[in-house]
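Chemist: Okay, handing you the structure first.
The values are calculated or read from the model by the stated rules, or taken from the named source; none is laboratory data. What you are looking at is a predicted structure, and each value in this text was computed from that prediction instead of being measured. Positions of Cβ are generated from backbone atoms using ideal geometry, with glycine treated the same way; all protein chains shown enter the neighbour counts. Ligands, DNA and RNA are stripped out before the accessible areas are found, and what is left, the full protein with its side chains, is counted by its heavy atoms. Shrake-Rupley method; radii C 1.70, N 1.55, O 1.52, S 1.80 Å.
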Amino acid sequence: SQQGEEDPQALSIQEGENATMNCSYKTSINNLQWYRQNSGRGLVHLILIRSNEREKHSGRLRVTLDTSKKSSSLLITASRAADTASYFCAPWNYGGSQGNLIFGKGTKLSVKP
Amino acid sequence: GAGVSQSPSNKVTEKGKDVELRCDPISGHTALYWYRQSLGQGLEFLIYFQGNSAPDKSGLPSDRFSAERTGGSVSTLTIQRTQQEDSAVYLCASSLWGTSHEQYFGPGTRLTVT
C-alpha cells in the first residue's frame, strides 16, 4: 500500500462553515478511504470511494476522487464543533503485497463554536 | 455486534519491564493489524495477520516487539524490556479481507514507560 498525503496540515474554521481537505497519492488504487481520529485514540472509518467512482456522499460528507490527478478531497458541510478531529486518507491497492493501510500525518481540523 | 476492543486502556510500566497488550477483533474479521502512534505523530504500522498466513512483521521496530494471534481471533502484542521511546498509543484494527479493506479500530492502549 502507499501513503496518502493530506493537505492542509491544519485547518481552523467557524461552526457552520464548510471544511475541505485534500489527499494526494502516487500510484494506482482500488479504493481510497477517509478516517477520523478524535483525541489521539482509535480511528473511525468515514467513507470509502472506489477507483471507478468520482463522487460519494454520506450525510454531511462529500468525497471526490480524480484518478487522473491522483487526488481526493473530503468536504464536510455545515461543520460542527464535534467535527474537530484529525482526518486521514488511506489509498489502497489490492495488488499490493501489504494489507496494511499507510496513513499520512493527517489534517487537523478545528471547528470553533 | 461489538467493535474492536483493547485492553488495558492505559498502562504505565517501568523501563526494562515486559508488557502485553491485548486486542479482540470484530467477530468474523480475518485480518488484524497493530499500529502505534507517538504523541503528535501519524500512525506507524507494526504488524498484520491475515487468516492462517504468516504475519507481515515488516513494521516491527525491533526484536523486542512480537505479536501472536491465537485461533485466528484474539491478538497479543508483547514488548520486552520496554524503553521510554516505546511510549505511545498502540492501536489495533480488524477487517474483512477483500477488495474493500476498510479497517475498524479499537480505542487503543496508551503505554507510558517511566
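Chemist: Here is the link list: A:Lys26/B:Lys57; A:Lys26/A:Lys112; A:Lys26/A:Lys108; A:Lys108/B:Lys17. Which ones come out longer than 30 Å on Cα distance?
Modeler: Among A:Lys26/B:Lys57; A:Lys26/A:Lys112; A:Lys26/A:Lys108; A:Lys108/B:Lys17, the Cα-Cα distance tops 30 Å for A:Lys26/A:Lys112; A:Lys108/B:Lys17.
Chemist: Same structure, new question: Could you check the spin-label model distance between B:Asp63 and A:Thr20? Points 7 Å from the Cα along Cα→Cβ, value in nm.
Modeler: 5.2
Chemist: ³J(HN,Hα) across region A:81-87 via Karplus (A = 6.51, B = -1.76, C = 1.60, θ = phi - 60°), whole Hz, x for Gly/Pro?
Modeler: Taking θ as phi minus 60°, the curve returns 4, 5, 7, 4, 4, 9, 10 Hz for region A:81-87.
Chemist: I want to verify the translational diffusion coefficient of region B:5-113 in µm²/s; compute it with Stokes-Einstein, Rh as the Kirkwood radius over Cα pairs, at 25 °C and 0.890 mPa s.
Modeler: On the way: Rh = 13.9 Å.
Result for D is 177 µm²/s.
Chemist: Additional query: Once R0 is set to 45 Å, what does the formula 1/(1 + (r/R0)^6) return for the Cβ-Cβ distance between A:Asp66 and B:Leu39, expressed as a FRET efficiency to the nearest 0.05?
Modeler: Working: r = 34 Å, r/R0 = 0.75.
Once rounded, the FRET efficiency stands at 0.85.
Chemist: Next up: What is the magnitude of the charge dipole of the protein assembly as shown about its Cα centre, with +1 placed on the Cβ of each Lys and Arg, -1 on the Cβ of each Asp and Glu, and no other charges, expressed in debye to the nearest 20?
Modeler: Working: 24 positive and 20 negative charges, 37 e Å.
It comes to approximately 180 debye.
Chemist: Then there is this: Give me the net charge for the shell around A:Ser39: Cβ to Cβ below 14 angstrom, other residues only, Lys and Arg +1, Asp and Glu -1. Each step should come with its number before you reach the end.
Modeler: Numbers: positive: A:Arg36, A:Arg41, A:Lys108, B:Arg110; negative: A:Asp83.
It works out to a net charge of +3.
Chemist: Exactly which trypsin sites (Lys or Arg not before Pro) in region B:1-93 are in a DSSP loop and have at most 15 other Cβ atoms within 10 Å?
Modeler: Values: sites: B:Lys11, B:Lys15, B:Lys17, B:Arg22, B:Arg36, B:Lys57, B:Arg64, B:Arg69, B:Arg81; in loops: B:Lys15, B:Lys17, B:Lys57, B:Arg64, B:Arg81.
In loop regions of region B:1-93 (DSSP not H, G, I, E or B), the sparsely surrounded trypsin sites (Lys or Arg not before Pro) are B:Lys15, B:Lys17, B:Lys57, B:Arg64, B:Arg81.
Chemist: Also: Could you provide, to the nearest whole Å², the per residue accessible area of chain B with probe 1.4 Å? Don't skip to the answer; put the middle values down first.
Modeler: Values: 5360 Å² over 114 residues.
With the other protein chains kept in place, chain B gives 47 Å² per residue.
Chemist: Hey, another quick one. Could you work out how far apart the two model spin labels at A:Asp7 and B:Val74 are, taking each label as a point 7 Å from the Cα in the direction of the beta carbon, and quote it in nm?
Modeler: Spacing of the two 7 Å Cα→Cβ label points: 4.7 nm.
Chemist: Once label points are set 7 Å from the Cα along Cα→Cβ at both A:Ala82 and A:Arg54, what is their separation, rounded to one decimal in nm?
Modeler: 3.3
Chemist: With a 1.4 Å probe, how much accessible area is buried between chains A and B, both sides summed, in Å² to the nearest hundred?
Modeler: Values: alone 6270 and 6240 Å², together 10680 Å².
That pair hides around 1800 Å² of surface in total.
Chemist: So what is the orientation-averaged projected area of chain A, using the convex hull of its C-alpha atoms, in nm²?
Modeler: Result: 6.5 nm².
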